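Taking it in order: structure first as structure tokens, then the write-up.
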Amino acid sequence: MKVAVFFTWDYSLNTWHDSGTISRELRFFKSLEKKKNVSFTFFTYGDSSEYELATEHNLKEVYPIYKSLTYYKNKLFRIFSSFYIPLKLKNYIKNADMLYQNQLLGSWVPILIKKIYKKPLIIRTGYDMHDFAKQDKKSSFIIFLYKVLTNFAVKNCDYFTVTSKADLNRFKKRYPKYEQKFLLRPNWVEVDELNDFKNRYSNKLLAVGRLVSQKNFDYLISEFADSKYNIEIDIVGNGPEKDNLVTQAKKYNVTINFLGNLSNRKLLKLYQRYKFFISTSLFEGNPKALLEAMGSGCVVIGSNIKNHSDIISDNQNGYLFDFGNNNLINKFITLTQADTNLSQISKDAYLFIKNEYSLDKSINSFYDDFEYTLSK
């Protein structure tokens, strides 16, 4: 089985490399190739410099789209030129059995290829872009464009995968005519052996995510203002809100360490040094960082939003808190001072992720999807 994989529009192997996620992103495809009868051709929005990374990561077939297509600095010109891509790919796509789009953005390219060359298509999404745009209070025009793109993708693909129960229910309700197309395929997590919970930091908290308003790190800082418990907050990630968060940390007298972006391998090791992982997100998809923290045995404390509560069973494999002044800090104090068996919560989180979100389970599900799509 040969599958043509299309990257998110404007993303490349270099994008994955710069964000520290390339090894993780490729692990899924490499595992499928190794364990199942599948081979992949990767179509990226990069140039000939992609080949160096392709060689480094032992990728057999990579086609950088901007090797033969003009790269326009103007984003609007790049979008318009992307409609020409299907014609440029005729010789590279003819032997593919099916198409796989990795994220909604850019899905118009494989949809056009599907129409022209009669290839089946699965579109994988990590989150609902239209819903995110609304919650992030984007402009009405951007929200409209994401709605149009989502409608176009749902109507023209063979299957449309989502990562969370909340997204699955929303899509089925929004598109009852296409209900049979939607598949729940959560993110996967690679887990190592669980280390001793007692040897982890007691005076440090870990948070992971882009420094943007969605992650709500300003609330996290305000909740630990003038902490009497000598708590330090370590945050992995970069983003436009960093300067504002540094200023706020000084204002509230909070010790906060910005660790920048880390490779996924380093991040997985980092989780195991912390007892507590906190997510203050206002909205989420199927958050990989939360899943990885639980799979690393952290006691997670997450905001009580739907996509967290689908994962965290309060007081069983983690804890939920409602937004409000002192709600988070009071929850944290209660957990650290009461006679709570945190090591058992750590073990239960680890086992839950190991059983429900494993790489093998994800591989088997997607392979079944590939086979079923081809058999239609």
Under the condition of being open to solvent by less than 10 Å² (accessible area, probe 1.4 Å), under 20 Å from residue 190 (Cβ atoms) and not hydroxyl-bearing (Ser, Thr, Tyr), which residue from the stretch 269-285 is modelled with the lowest pLDDT?
285
For the stretch 324-376, give me every one of the helices (runs of 4 or more DSSP H) that falls completely inside it and has 1 or more residues that are open to solvent by 60 Å² or more (accessible area, probe 1.4 Å), under 20 Å from residue 195 (Cα atoms) and modelled with pLDDT of 95 or more.
342-356
Apart from one, (1) touching a helix residue (DSSP H, G or I) at 6+ places or on another chain (Cβ under 9 Å); (2) farther than 17 Å from residue 187 by Cβ; (3) touching a residue at least 40 places away in the same chain (Cβ under 8 Å) all hold for residue 266; the odd one out is (1)
Filtering the stretch 296-323 down to residues that are surrounded by 15 or more Cβ atoms within 10 Å (Cβ to Cβ) and of a type in the set (D, E, K, R) yields 310
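So if I check each of 362, 358, which one is among the polar types (S, T, N, Q) and out of contact with any Asp or Glu (no Cβ under 9 Å at 6 or more places or on another chain)?
That would be 362, the only listed residue that is among the polar types (S, T, N, Q) and out of contact with any Asp or Glu (no Cβ under 9 Å at 6 or more places or on another chain).
Need at least 1 residues that are open to solvent by less than 10 Å² (accessible area, probe 1.4 Å), without any contact (Cβ under 8 Å) to a residue 24 or more places away in the chain and more than 26 Å from residue 369 (Cβ to Cβ) per element, so show me which helices (runs of 4 or more DSSP H) inside the stretch 40-154 make the cut, counting only ones lying wholly within it.
In the stretch 40-154, the matching helices (runs of 4 or more DSSP H) lie at 129-135.
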Restricting to the stretch 16-39, and then to whatever is small (Gly, Ala, Ser) and under 18 Å from the mean Cα position of the chain (by Cα), can you tell me which residue is least open to solvent (accessible area, probe 1.4 Å)?
20
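Here are some residues: 181, 177, 165, 198. Which one is without any contact (Cβ under 8 Å) to a residue 40 or more places away in the chain, charged (D, E, K, R), open to solvent by 50 Å² or more (accessible area, probe 1.4 Å) and out of contact with any Lys or Arg (no Cβ under 6 Å at 6 or more places or on another chain)? Show your work before the answer.
On the way: 181 fails: open to solvent by 50 Å² or more (accessible area, probe 1.4 Å); 165 fails: without any contact (Cβ under 8 Å) to a residue 40 or more places away in the chain; 198 fails: without any contact (Cβ under 8 Å) to a residue 40 or more places away in the chain.
Answer to the check: 177.
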Looking across the stretch 201-213 at residues that are part of a loop (DSSP other than H, G, I, E, B) and of a type in the set (A, V, I, L, M, F, W, C), the single one that is surrounded by the fewest Cβ atoms within 10 Å (Cβ to Cβ) is 212
Any idea how many residues of the stretch 155-174 are in a loop (DSSP other than H, G, I, E, B) and farther than 20 Å from residue 307 by Cα?
2
Given the conditions (1) touching a residue at least 40 places away in the same chain (Cβ under 8 Å); (2) outside any loop (DSSP other than H, G, I, E, B); (3) more than 19 Å from the chain's Cα centre (by Cα), which single one is not true for residue 257?
(1)
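The values are calculated or read from the model by the stated rules, or taken from the named source; none is laboratory data. Owing to the predicted nature of the structure, the values given are computational and were not obtained by experimental measurement. Using ideal geometry, Cβ is built from the backbone for each residue, glycine included, and neighbour counts are taken over all protein chains shown. With ligands, DNA and RNA removed, areas are computed over all heavy atoms of the protein, side chains included. Shrake-Rupley method; radii C 1.70, N 1.55, O 1.52, S 1.80 Å.
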